1. Can you name the residue in region 115-129 that is over 12 Å from the mean Cα position of the chain (by Cα) and within 24 Å of Thr173 (Cα to Cα) and, of all such residues, is surrounded by the most Cβ atoms within 10 Å (Cβ to Cβ)?
2. Would you be able to say whether some residue in region 135-150 is on the phi < 0 side of the Ramachandran plot, assigned to a loop (DSSP other than H, G, I, E, B) and charged (D, E, K, R)?
3. Looking for something part of a strand (DSSP E or B), open to solvent by less than 30 Å² (accessible area, probe 1.4 Å) and either modelled with pLDDT under 95 or within 26 Å of Val73 (Cβ to Cβ) (or both) - is there at least one such residue anywhere in region 188-202?
4. Hey, could you check region 17-29 for residues that are in contact with a strand residue (DSSP E or B) (Cβ under 6 Å, 6 or more places away or on another chain) and surrounded by 13 or more Cβ atoms within 10 Å (Cβ to Cβ) and say which is nearest to Ile95 (Cα to Cα)?
5. With Thr89, Thr7, Thr12 as the choices, which residue is at pLDDT 95 or above and open to solvent by 40 Å² or more (accessible area, probe 1.4 Å)?
6. Considering only residues that are surrounded by fewer than 23 Cβ atoms within 10 Å (Cβ to Cβ) and among the hydroxyl-bearing types (Ser, Thr, Tyr), look in region 92-112 and name the one that is farthest from Ser26 (Cα to Cα).
7. Which of the residues belonging to region 168-187 are over 20 Å from the mean Cα position of the chain (by Cα) and part of a strand (DSSP E or B)?
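The values are calculated or read from the model by the stated rules, or taken from the named source; none is laboratory data. On a predicted model such as this, the values are computed, not experimentally measured, just so you know. All Cβ positions, even for glycine, are placed from backbone atoms using ideal geometry, and neighbour counts span all protein chains on display. Just the protein is used for accessible areas: all its heavy atoms, side chains included, with ligands, DNA and RNA removed. Shrake-Rupley method; radii C 1.70, N 1.55, O 1.52, S 1.80 Å.
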Amino acid sequence: SDVEVDTVADATNLSTLSITASGLNSQVELGIVGNEASTTDAILSTLSIAASNAADIDFAGTTDGELGDINTVENMTSAKISATGAGSTVTAGEISADGLEISAVELEASAGGVIDMETVADALTLNYSFDSLTLQATGVNSSLAIADLTQDAGSLAGTAEATLTIEADDYATIALAEATLGAVDLDTLHIGIGNGASITGDEADISATGDI
């Protein structure tokens, strides 16, 4: 079954957004939510996007460098994107929370799932600060396609103390390429590579202007 939502033009009262697709031939397509830096943006506290059992979710259709795909004007508690199971894919667009904080951000691909943030270049720019960022892939053919994932200057300066976790296990892959990630102080930095897995980053930078 397919669900397509072209636009949520006025997301003013939207505080929780959860998108779930499960099962072969199940697909969800989401267009723009709000309008970046406008009075119609959402007031999200939580965001959850989960594809499983060969389902597809696509929210990468509208970013043009000025608009985010999901636009919010409130600090958020969490944002999690997951793809679980062979054939499950999430094609991610930009989450715009410009100058705000998303406390816990997690991207997780497992059991053959794929999260693709490379289809739309703007999706790779984080314009918000965070307390924790987790990038995790586990299982054969599981992958995070997040080459050049980058925090903008405001995000790097605004992320005062953070935990950064990058973990690939059991033949999974994480592609970072020229990613730029960091914080003022990194309380914890964990990079783990398990059996047969790979984390690639040609010129990836992880920085802290203060302490690690």
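1. In this case the residue turns out to be Val120.
2. Within region 135-150 (the criterion being on the phi < 0 side of the Ramachandran plot, assigned to a loop (DSSP other than H, G, I, E, B) and charged (D, E, K, R)), the answer is no, since none of the residues qualifies.
3. no
4. That would be Leu17.
5. Thr89
6. Restricting to residues being surrounded by fewer than 23 Cβ atoms within 10 Å (Cβ to Cβ) and among the hydroxyl-bearing types (Ser, Thr, Tyr), the top hit is Ser103.
7. Asp185, Asp187
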